[in-house]
Amino acid sequence: MVTLICATHRPQNQTTAVVNAYAKILDEMGVDYKKLDMVELPKDFPFYGAFGNPSPQLSELAEEKINNSKKFIVIAPEYNGSFPGIFKTFIDIVPPNYWNFKNVALVGVASGRAGNLRGLDHLTNIFNYLKAEVYSNKIPISGIDGLLDANQELMDEETLAVLKEQAINFLK
Ligand SMILES: Cc1cc2nc3c(=O)[nH]c(=O)nc-3n(C[C@H](O)[C@H](O)[C@H](O)COP(=O)(O)O)c2cc1C
């Protein structure tokens, strides 16, 4: 199973448009996947039963969407030159062995010019520390504001093509 992760919980975030476009690609490929959005996490998750003793709700979610998956596609916006803190907090609370010997593909999303390249490098270091392999073809999406249509959907052909190429080769 594959888990497609939206690494932010910001209301009206634009990363969701990329997650939805990626989901459409996976649907077309007939891939068995689940979505995990940081907005699904229990509101008190950083405090309640954290660090080795997660709450039952968080344990169930981590079991279903992290432990049960072999591959992860992480779509992460750029916040202050890195990926969102909520996703690091989530990583810190999930049992580390849930990530061991698994595969991760990374996509960055930014309104600026860097496409969250730094955040993708930070995530690479963390996942490698967790003994997960990170796919070499990381996709930085810059200037996201100009790539969405009036319905806030990602319809830019060039971006969709690179995402599809990543999905096909990563899932091989
Ligand atoms: C807390 C915060 C920090 C941000 N820092 C950066 C940044 O360092 N570089 C950048 O290009 N965009 C930055 N942005 C803008 C985001 O890249 C932009 O909102 C983009 O749409 C992706 O984030 P979103 O999914 O939350 O919409 C930041 C946005 C927020 C909310």
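Can you give me the number of residues within segment 2-36 that are assigned to a loop (DSSP other than H, G, I, E, B) and closer than 16 Å to residue 167 by Cβ?
Selection size over segment 2-36: 3.
Taking into account only those residues within segment 93-114 that are within 14 Å of the chain's Cα centre (by Cα) and not hydrophobic (A, V, I, L, M, F, W, C), which is surrounded by the most Cβ atoms within 10 Å (Cβ to Cβ)?
108
Can you list residue pairs whose Cβ atoms sit under 9 Å apart, with the first residue in segment 133-149 being farther than 15 Å from residue 162 by Cα and the second being in a strand (DSSP E or B)? Count only pairs 6 or more apart in sequence or on different chains.
If the second residue must be in a strand (DSSP E or B), the pairs left are 133/103; 133/104; 134/103; 134/104; 134/105; 134/106; 148/154.
Any residue at all in segment 70-86 that is more than 16 Å from the ligand (Cβ to nearest atom), in a helix (DSSP H, G or I) and within 21 Å of residue 169 (Cβ to Cβ)?
No - not one qualifying residue is present in segment 70-86.
Consider residue 109 carefully, then state whether it is among the β-branched types (Val, Ile, Thr) and within 11 Å of the ligand (Cβ to nearest atom).
Numbers: among the β-branched types (Val, Ile, Thr): yes; within 11 Å of the ligand (Cβ to nearest atom): yes.
Considered against the rule, which asks whether it is among the β-branched types (Val, Ile, Thr) and within 11 Å of the ligand (Cβ to nearest atom), residue 109 comes out as yes.
Of everything in segment 8-28, what is buried (at least 20 other Cβ atoms within 10 Å of the Cβ), of a type in the set (Gly, Ala, Ser) and more than 9 Å from the ligand (Cβ to nearest atom)? Give them in sequence order.
21 - this is the single residue of segment 8-28 that is buried (at least 20 other Cβ atoms within 10 Å of the Cβ), of a type in the set (Gly, Ala, Ser) and more than 9 Å from the ligand (Cβ to nearest atom).
Can you list residue pairs whose Cβ atoms sit under 8 Å apart, with the first residue in segment 56-72 being under 18 Å from residue 87 (Cβ atoms) and the second being aromatic (Phe, Trp, Tyr) and part of a helix (DSSP H, G or I)? Count only pairs 6 or more apart in sequence or on different chains.
62/98; 66/98; 67/98; 71/170
Scan segment 124-131 and tell me whether some residue there is surrounded by 14 or more Cβ atoms within 10 Å (Cβ to Cβ), among the β-branched types (Val, Ile, Thr) and touching a helix residue (DSSP H, G or I) at 6+ places or on another chain (Cβ under 8 Å).
yes
Here, each number is a calculation from the coordinates, and none is a lab measurement. What you see is a predicted model, and the numbers here were worked out from it, not measured in a lab. Positions of Cβ are backbone-derived with ideal geometry, glycine not excepted, and every protein chain shown enters the neighbour counts.
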